[in-house]
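Below is one structure, written out as structure tokens, with a few remarks after it.
The values are calculated or read from the model by the stated rules, or taken from the named source; none is laboratory data. Just so it is clear, the structure is predicted and the values come from calculations on it, not from any experiment. We place every Cβ from the backbone using ideal geometry, glycine too, and count neighbours over all the protein chains shown.
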Amino acid sequence: MSVDWSEVYRTTYRDLVRFLHRKVWDAERARDLAQETFVRALGQQPDNPRAWLFTVAANLARDEARAVVRRRKHLALLRTEREAEPAAVAPAADDALERSERIEAVRRSLDALSERDRDVLLLWDAGLSYAEIAEQTGLALGAIGTTLARARRRLVEAYATLEEKHVARG
């Protein structure tokens, strides 16, 4: 059976970009990685194209994260070699600042989760079925609901902890 990649693209692209965005936290980079994922799909005939795409996308995001860490280390080394002048920061509107702080809190809350919890949540949020999540993560199908519930609880707890720290500081 031949995979209709144009149909898979039409039905999966947005979910894939959303999934990738929550992995790399950059909308443009997420779109680029989604395109790269579909380029790699050309000529492939997986049994479950949607799950296969999310697996490839997760691997690309993981590679992207490693590259970012390497770049940050390199930039940190460069900064220690020269003195940086403090940059002037334009004041942000209260709403934009609050939204930015909430987004950062969600990002840090997701980062505080184990990789398994984060992946299960992001795959579920991207619209994958329990069966597809099980296939992607290697978890038993019967464990997906429990894992999701626990991951959601841990996410809420991590977010609440960050909010408590934020309120206490200021």
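Remarks
- All positions within segment 94-109 that are in contact (Cβ under 8 Å) with a residue 12 or more places away in the chain and surrounded by fewer than 20 Cβ atoms within 10 Å (Cβ to Cβ): Glu101, Ala105, Val106, Arg107, Arg108
- Annotation note: Cβ proximity below 9 Å between a residue of segment 135-147 that is touching a residue at least 60 places away in the same chain (Cβ under 8 Å) and a residue that is polar (S, T, N, Q) (sequence gap 6+ or interchain) occurs for Glu135/Asn48; Glu135/Thr55; Gln136/Thr55.
- Any pair with Cβ under 6 angstrom, 6 or more apart, that starts in segment 22-34 at a residue that is within 16 Å of Ile103 (Cα to Cα) and ends at one that is hydrophobic (A, V, I, L, M, F, W, C) and modelled with pLDDT under 85: none
- When the helices (runs of 4 or more DSSP H) confined to segment 98-170 are screened for residues that are polar (S, T, N, Q), those reaching at least 2 such residues are found at 130-137, 144-169.
- Only a single item in (1) at pLDDT 85 or above; (2) more than 21 Å from Ala30 (Cα to Cα) is not met by Asp94, and it is number (1).
- Here is the figure for segment 38-52: residues that are part of a loop (DSSP other than H, G, I, E, B) and surrounded by 12 or more Cβ atoms within 10 Å (Cβ to Cβ) total 3.
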